[in-house]
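All remarks here apply to the structure that follows.
The values are calculated or read from the model by the stated rules, or taken from the named source; none is laboratory data. Note that this is a predicted model, so its numbers are computed, not measured. Reconstructed Cβ throughout: ideal geometry from the backbone, glycine too, with neighbour counts over all protein chains shown.
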Amino acid sequence: MILVDEEIKKALHSGEFEISDFSEQCLQPASYDLRIGEEGFTLLVGKVIPIQNEGALEIQPGDFALVMTHEKLRLPTNMVGHFGLRSLYARMGLLLTSGPQVDPGFEGKLIVGLVNFSSQSAILKYLEPFCSLELHRLGRHASVGYQGPYQAQEHITKKVIDNIPKEQFPLAVMLVRQLVAASPSLRPLGTQPSHWVEPHKMLSAFQREKTAFEQLMPQLLKTHHGQYVVVRGETAVLFGMDKAELAKEAYDKWGYGVLYIGLVEEQPEVMHIPTPKIVKNHNDV
Amino acid sequence: MTYDYDNNRYNPPAPVLPVTIRIPGSNAKQVTTDALVDTGADMVCCPKAFIDAVGAQPASTRQVFGVNHAFIDTCYTYFIEFEIAGTKKLVEVVALGQELILGRNLMNEFAIKLNGRSQKLSFE
């Protein structure tokens, strides 16, 4: 039997089960919306992100993330939870990869996996309701409550992260990333406007690297003036005097992907194409 | 190797080279075309349609100036592998124009002789 709103409140007040920091605003007719918690993790960033401090978690296109719920749950052995992503996030292209069950006897915070299958970054703000939890009362108590490895979890631990496959991205995600990259050339020939609207969306990751380069510039001018720098993952990772050689080194090292190569100078790089064949077009930044 | 000037698309005839372009590390998608040799261009200019066709991703930006040093735009640039007469080079290109123009950042990698009288380009 699925609990409706009044039954959820009654069971909470009686102490039958617990939802920490319960909020009436998260209560739905027959579910409770769990909120984005204090910690997150994404494969691209590669470390635990303190969402509470940073205000939000960004999941880049194709990236896999772990997100912890704000609420801590405690279910009795005669109650089971089922959870799913709120439709708002599903429409953003996010796919929930864990669940759907919270076992009888579970106690702790939920840590859920999310994949961003869209071509744009998804921003998950701290304390935003993102996951609907249905509560079912069972006909009888389970003989043994949940005793698995996630019992009493309240943090995204190294052990949890170590369980994620070592490949940078799951196969399906790699395919999505390649499709996104190839999307302009998959557009039917002759459709207009041709190739300059969609790339602005897929360029968002590139723009982030470019923005990071611009933010790093004051420091780089002190340390690497006159050199080229490769910015990847919003971090300056390679330096050199030959731009093409640097690009080759970066692609050899990390494969062909998103990065920004900039010249550490006060003035922007320029080029001259003194031919009337070249006129202003729509490929500009 | 020797290549004829193109007298179909250009009047007067102009030196062109057959090139194949692709992203580094993959030949799954490539474009083969004749490209105009333009020693006046600092850099290779590549139609955006070719860049999309090979699946290239932007890697940098540059301010582009045209005739009479007139500012055209700030443009994305891409690193694309060029294969010319069996030689491969990773080259920065700017997404501009409607035809592939080989600028000096690529041409300076080779020894090229232009014989306008016989309308032949010799490539070493």
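Given the condition in contact (Cβ under 8 Å) with a residue 60 or more places away in the chain and within 14 Å of the chain's Cα centre (by Cα), answer yes or no: does some residue in the range B:44-64 qualify? Before the answer, list the steps.
Restricting attention to the range B:44-64, the residues satisfying the condition of being in contact (Cβ under 8 Å) with a residue 60 or more places away in the chain are B:44.
Filter once more, keeping what is within 14 Å of the chain's Cα centre (by Cα): B:44.
Yes - at least one qualifying residue is present in the range B:44-64.
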- prompt: Restricted to the range B:1-41, and to residues that are within 14 Å of the chain's Cα centre (by Cα) and of a type in the set (D, E), which residue is farthest from B:V54 (Cα to Cα)?
  reply: B:D38
statement: Residue set A:L43, A:L66; condition more than 30 Å from A:E6 (Cα to Cα), within 12 Å of the chain's Cα centre (by Cα), at pLDDT 90 or above and not small (G, A, S); output residue A:L66
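Using the structure shown, decide if B:A59 is in a strand (DSSP E or B), small (G, A, S) and within 20 Å of A:Y256 (Cα to Cα). I'd like the intermediate steps shown before the answer.
Values: in a strand (DSSP E or B): yes; small (G, A, S): yes; within 20 Å of A:Y256 (Cα to Cα): yes.
Yes; evaluated as a whole, the condition is true for this residue.
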- line: Exactly one of A:V264, A:V230 is at pLDDT 90 or above, surrounded by 19 or more Cβ atoms within 10 Å (Cβ to Cβ) and farther than 23 Å from B:I23 by Cβ, and that one is A:V264
message: Can you confirm whether A:L124 is part of a strand (DSSP E or B), crowded, with 18+ Cβ neighbours inside 10 Å and either modelled with pLDDT under 85 or in contact with a helix residue (DSSP H, G or I) (Cβ under 8 Å, 6 or more places away or on another chain) (or both)?
response: yes
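Of the residues B:T20, B:T33, B:T39, only one is part of a loop (DSSP other than H, G, I, E, B) and either more than 9 Å from every other protein chain (Cβ to nearest Cβ) or of a type in the set (A, V, I, L, M, F, W, C) (or both); which? Steps first, please.
Working: B:T20 fails: part of a loop (DSSP other than H, G, I, E, B); B:T33 fails: part of a loop (DSSP other than H, G, I, E, B).
Checking each option against the conditions leaves just B:T39.
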- request: Any chance you could count how many residues in the range B:87-109 are in a loop (DSSP other than H, G, I, E, B) and surrounded by 20 or more Cβ atoms within 10 Å (Cβ to Cβ)?
  value: 4
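Looking at A:F83, is it surrounded by 19 or more Cβ atoms within 10 Å (Cβ to Cβ), within 12 Å of the chain's Cα centre (by Cα) and farther than 14 Å from A:Y126 by Cα? Outline the logic, then answer.
Numbers: surrounded by 19 or more Cβ atoms within 10 Å (Cβ to Cβ): yes; within 12 Å of the chain's Cα centre (by Cα): no; farther than 14 Å from A:Y126 by Cα: yes.
Spelling it out, it is not the case that A:F83 is surrounded by 19 or more Cβ atoms within 10 Å (Cβ to Cβ), within 12 Å of the chain's Cα centre (by Cα) and farther than 14 Å from A:Y126 by Cα.
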field: Hits in the range A:1-26 (condition: surrounded by fewer than 18 Cβ atoms within 10 Å (Cβ to Cβ) and in a strand (DSSP E or B))
entry: A:I2, A:E18
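Being among the β-branched types (V, I, T), at pLDDT 95 or above and surrounded by 14 or more Cβ atoms within 10 Å (Cβ to Cβ) is true for just one of B:I112, B:I84, B:I72, B:I80. Which residue is that?
Numbers: B:I112 fails: at pLDDT 95 or above; B:I84 fails: at pLDDT 95 or above; B:I72 fails: at pLDDT 95 or above.
On inspection, the qualifying residue turns out to be B:I80.
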- request: Keeping to the range B:66-98, report how many residues are at the interface with chain A (Cβ under 7 Å from one of its Cβ atoms) and touching a residue at least 24 places away in the same chain (Cβ under 8 Å).
  value: 9
